[in-house]
Amino acid sequence: MKKVNKEILKDAAKRLMFDLEDSEYETLLDEFKTIKEQLLLMNNVQGLDNVEPMTFPFDCSITYLREDVPCTPLTNEEVLKNAKSTKDGQIKLPKVI
């Protein structure tokens with residue numbers, strides 16, 4: 001596991017465009033130390049190698065979505081007649097900055 005030190009945290013903070021006070025870096029280093037110790041404790045869990053990794057916390061075999069019903073898509077003219085503003089066969093939207 002890569003060693004986390006104050007310089008690495010300062011580099012990460014700089015890349016994220018924020019800065020911390022020295023005392024906050026020390027607190028963060030203590031937090032990383034605690035997290036590392038907790039991760040190392042996971043090595044002591046018996047049978048961990050026999051467990052399949054979980055990719056989603058819920059059973060996805062049941063779907064609550066409706067079955068798609070075949071239908072014909074709207075024509076360009078039908079879509080454009082519902083638009084408030086159109087230009088050159090397209091829906092005109094307000095400029096977003």
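The values are calculated or read from the model by the stated rules, or taken from the named source; none is laboratory data. Computed from a predicted structure; not experimentally measured. Here the Cβ is made from the backbone with ideal geometry for all residues, glycine too, and neighbour counts use every protein chain on show.
Just a few scattered comments:
- Top-ranked residue in the range 55-78 [being under 24 Å from LYS92 (Cα atoms) and loosely packed, with under 10 Cβ neighbours inside 10 Å; ranked as nearest to the chain's Cα centre (by Cα)]: PRO73
- Criterion (among the hydrophobic types (A, V, I, L, M, F, W, C), modelled with pLDDT under 90 and part of a helix (DSSP H, G or I)) met by exactly one of MET1, MET42: MET42
- If you go through the range 1-19 and keep only what is over 21 Å from LEU39 (Cβ atoms) and touching a Leu at 6+ places or on another chain (Cβ under 7 Å), you end up with just ALA13.
- Of all residues in the range 37-58, those that are hydrophobic (A, V, I, L, M, F, W, C) and within 26 Å of LYS3 (Cα to Cα) total 6.
- Taken over the range 45-97, the criterion of being among the polar types (S, T, N, Q) and either touching a Lys or Arg at 6+ places or on another chain (Cβ under 7 Å) or assigned to a loop (DSSP other than H, G, I, E, B) (or both) is satisfied by GLN46, THR55, SER61, THR63, THR72, THR75, ASN82, SER85, THR86.
- Of the candidates GLU37, GLU26, GLU31, the single residue that is assigned to a helix (DSSP H, G or I) and either of a type in the set (S, T, N, Q) or exposed (fewer than 10 other Cβ atoms within 10 Å of the Cβ) (or both) is GLU37.
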